[in-house]
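The values are calculated or read from the model by the stated rules, or taken from the named source; none is laboratory data. Bear in mind that the values here come from a model prediction, so they are computed numbers and not experimental data. No Cβ is skipped: glycine too gets one built from the backbone with ideal geometry, and neighbour counts run over all protein chains shown. Remember, those area values only see protein heavy atoms, side chains included, never the ligands or the DNA or RNA. Shrake-Rupley method; radii C 1.70, N 1.55, O 1.52, S 1.80 Å.
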Amino acid sequence: MEWILPALISASCLGVYDIFKKLSVKGNNVLMVLLLNTIFGALYLSPVIITDLAAGHFGLGDTLRGHILIVIKAFIVLGSWIMGYFAIKHLPLTIQGPINATRPVLVLVGALCIFGERLNALQWVGIIIGFASLYFISRIGAKEGFSLRRSRWLWLSIGAMVLGAVSALFDKYLLRSYAPLEVQAWYSLYQCVIMSILLLSLMRSKSARTDKFQWRWTIPCIALFLTVADLAYFHSLSVDGSMIAIVSMIRRGSVIIPFLYGVIVLHEKNVRTKLLDLLLLLTSLIILVIASK
């Protein structure tokens with residue numbers, strides 16, 4: 001149970017993070033918002049790197065291999081973020097959220113194949129119910145004009161989900177060798193560098209067209225809640241006996257918070273059907289928590 005609580009905290013913070021992300025990118029320059037997110041994220045975690053350097057350490061075991069692995073993670077996460085930010089700008093929260101929440105199905109397959117994780121019967125029941133609810137919610141998207149045939153934003157959301165699953169599996173591998181806080185701090189720094197280079201390159205390109213940027217107070221909140229969510233997430237994975245498939249599924253429960261925000265505040269469509277499906281998802285998460293004690 002020691003690793004379940006931080007996973008639940010991470011899920012709650014991720015839900016709030018999605019809301020601030022939606023408020024920040026709506027009608028705004030997505031790449032500039034993402035750049036500021038990486039800058040704030042690096043600043044929040046900079047004390048970790050400063051402490052390492054002050055002690056005469058270069059971090060991540062003082063090896064080039066460690067930093068190369070973190071750069072790879074930074075590219076994976078940044079790729080997922082770029083697609084996800086554009087998707088959340090154009091899709092309703094009650095559609096984009098559930099699509100992102102299907103990530104555990106890929107994580108589960110990877111965990112079974114790569115890490116040899118095994119689930120008990122009750123855990124399987126929880127995951128199956130969760131996948132069923134997410135499938136039904138995703139199907140509603142077609143009724144609202146966001147079909148796979150017509151909407152590139154749906155494909156971007158799916159792409160973000162796939163890269164997110166790859167990142168989750170890579171995290172489990174990284175945390176076998178490196179401290180969670182160190183991993184988070186260094187990949188945040190490398191993300192900031194990579195995103196800065198990318199945006200500068202686009203700004204110098206005459207063919208690149210971007211939306212006008214507008215500062216919003218919600219932008220620094222994106223990185224704040226994501227940082228706390230990742231801290232709790234990495235701590236959960238670092239606990240002996242933690243299971244990446246279950247942690248990932250619980251984190252996807254974050255969909256509940258932006259889902260309710262989309263229904264109550266943004267007045268998105270098909271409320272009754274979506275609420276019934278959301279209850280299925282909540283049931284699956286409760287089962288997972290009970291089964292993992």
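List of remarks:
- Yes/no for residue 188 being closer than 12 Å to residue 45 by Cβ, in contact with a helix residue (DSSP H, G or I) (Cβ under 8 Å, 6 or more places away or on another chain) and hydroxyl-bearing (Ser, Thr, Tyr): yes
- Looking across the stretch 128-139, the residues that are modelled with pLDDT under 75 and open to solvent by less than 80 Å² (accessible area, probe 1.4 Å) come down to 130, 131, 133, 134, 137, 138.
- For the stretch 1-28, a residue qualifies if it is farther than 23 Å from residue 249 by Cβ, modelled with pLDDT of 90 or more and touching an Asp or Glu at 6+ places or on another chain (Cβ under 9 Å), and exactly one does: 28.
- Inside the stretch 31-81, residues that are open to solvent by less than 30 Å² (accessible area, probe 1.4 Å), of a type in the set (Gly, Ala, Ser) and within 16 Å of residue 193 (Cα to Cα) make up a count of 4.
- Positions within the stretch 217-241 being outside any helix (DSSP H, G or I) and either in contact with a Pro (Cβ under 9 Å, 6 or more places away or on another chain) or buried (at least 24 other Cβ atoms within 10 Å of the Cβ) (or both), in sequence order: 239
- Selection within the stretch 82-105 - buried (at least 22 other Cβ atoms within 10 Å of the Cβ), of a type outside the set (Gly, Ala, Ser), under 11 Å from residue 159 (Cα atoms) and over 11 Å from the mean Cα position of the chain (by Cα): 99
- Test: residue in the stretch 179-191 that is among the aliphatic types (A, V, I, L, M), open to solvent by less than 20 Å² (accessible area, probe 1.4 Å) and at pLDDT below 85: no
- Answer residue from the stretch 144-177, given it is outside any helix (DSSP H, G or I) and either within 28 Å of residue 94 (Cα to Cα) or at pLDDT 85 or above (or both) and is least open to solvent (accessible area, probe 1.4 Å) among those: 151
- Residues located in the stretch 253-282, provided they are of a type in the set (Phe, Trp, Tyr) and either crowded, with 22+ Cβ neighbours inside 10 Å or not in a helix (DSSP H, G or I) (or both): 259
- Where a residue in the stretch 43-56 is of a type in the set (D, E, K, R) and its partner, wherever it lies, is surrounded by 11 or more Cβ atoms within 10 Å (Cβ to Cβ) and not in a helix (DSSP H, G or I), with Cβ under 8 Å and at least six apart: 52/58; 52/59
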